[in-house]
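In what follows, a single structure is set out as structure tokens and then discussed.
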Amino acid sequence: VDLRVFSRGNVASGVILNFMMGIVLFTTVFIIPIFVQRWLGFTATETGLMFMPGALFTGFMMPMIGKILGNGLPPKFLIAFGFLVTAVFVYWCSYLMSPTTGQSDFFWPLMLRGLGMAFLFVPLTALTLGGLTGKDLQQASGLSNMMRQLGGSIGVAMVGVVLEKFTAQHYSDLIVHANSTNLQFTDRINAFTQNFSRFQPDILIAKSQAYMAVWSQFIKQATILTYINIFQYLALVIAIIIPIVLFTKTYKVDMENVKGGH
């Protein structure tokens, strides 16, 4: 790879934005299935079907986006809109992190995600390759695709670490309220103990089971709070990117080059 290609056109900006898109694309595909399968009880098939309408919508919109670019609209405006829509989707997801969320609740947010991705894929390629020819075109295309994959890998790794760290912190914050002076905690323990005692004659075992049930609820609540934090922070990062996109230079886009490099 000839690194001098970074100094040509919008290659540097395009590579960075592809990196950020990779983070958003792969982390949402990673974190949402984990949440719905682990905490909402979705099967792998149900999770895949949940994502399908948004993915089909992306494919449906991409030819239209190509036509808009072909009419001369600078790709940076489409990219900014794509990131804005994606930021709204990510922030919306923070409100879906609940034990009562159903599969239908994800339909419109994931459709919004599909729209955002449609406004990112082709315009980002156009922005990166605009003004380039020959060998530079091939180098820039390869770099942008590589950085998209790299961004996804780093994003997934970071989310895994954040899930563990934030969950532990939220659990610590919640567990301090688990004491005999907290009436809500003691009432919950007594209620669980009474329920378990119907099936377990030994009151000590029933009470132990009650504590285990309450601890599991603490872990579940701590995890849900962590998912909310992740989506909120990710939405903030995406929102910060939008002004940066609007300040990028505009180069003439050759759609034949874009089709060949995408």
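The values are calculated or read from the model by the stated rules, or taken from the named source; none is laboratory data. All of these numbers come straight from a predicted model, not from anything done at the bench. Please note: Cβ atoms are built from the backbone with ideal geometry, for glycine as well, and neighbour counts cover all protein chains shown. The accessibility values were calculated without ligands, DNA or RNA, using every heavy atom of the protein model including side chains. Shrake-Rupley method; radii C 1.70, N 1.55, O 1.52, S 1.80 Å.
Tabulated data for the structure shown
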{"item": "For peptides 78-87, 113-122, sequence by mean Cβ density within 10 Å, most packed first", "result": "113-122, 78-87"}
{"item": "Between helix 107-129 and the chain: long-axis angle, C-alpha atoms, 0 to 90°, nearest 10", "result": "30"}
{"item": "More than 19 angstrom apart: percent of Cα pairs within the stretch 1-144", "result": "56"}
{"item": "Between helix 183-196 and the chain: long-axis angle, C-alpha atoms, 0 to 90°, nearest 10", "result": "70"}
{"item": "GNM flexibility winner over the chain from L17, L183, L110 (Cα, springs under 10 Å)", "result": "L183"}
{"item": "Protection proxy ranking of 195-204, 236-245, 94-103 - average other beta-carbon atoms within 10 Å, highest first", "result": "236-245, 94-103, 195-204"}
{"item": "Length released on extending from F185 to S104, taking residue separation times 0.36 nm less the Cα-Cα span", "result": "25.8 nm"}
{"item": "Per residue solvent-accessible surface (Å²) - the stretch 10-136, probe of 1.4 Å", "result": "41"}
{"item": "Surface share of carbon and sulfur [accessible, 1.4 angstrom probe, percent] for the chain", "result": "65"}
{"item": "Helix 11-38 vs. the chain, principal-axis angle (Cα, 0 to 90°, nearest 10)", "result": "30"}
{"item": "Rounded, prolate or oblate (a/c below 1.5 giving rounded, otherwise prolate when a/b exceeds b/c) for the chain by Cα gyration tensor", "result": "prolate"}
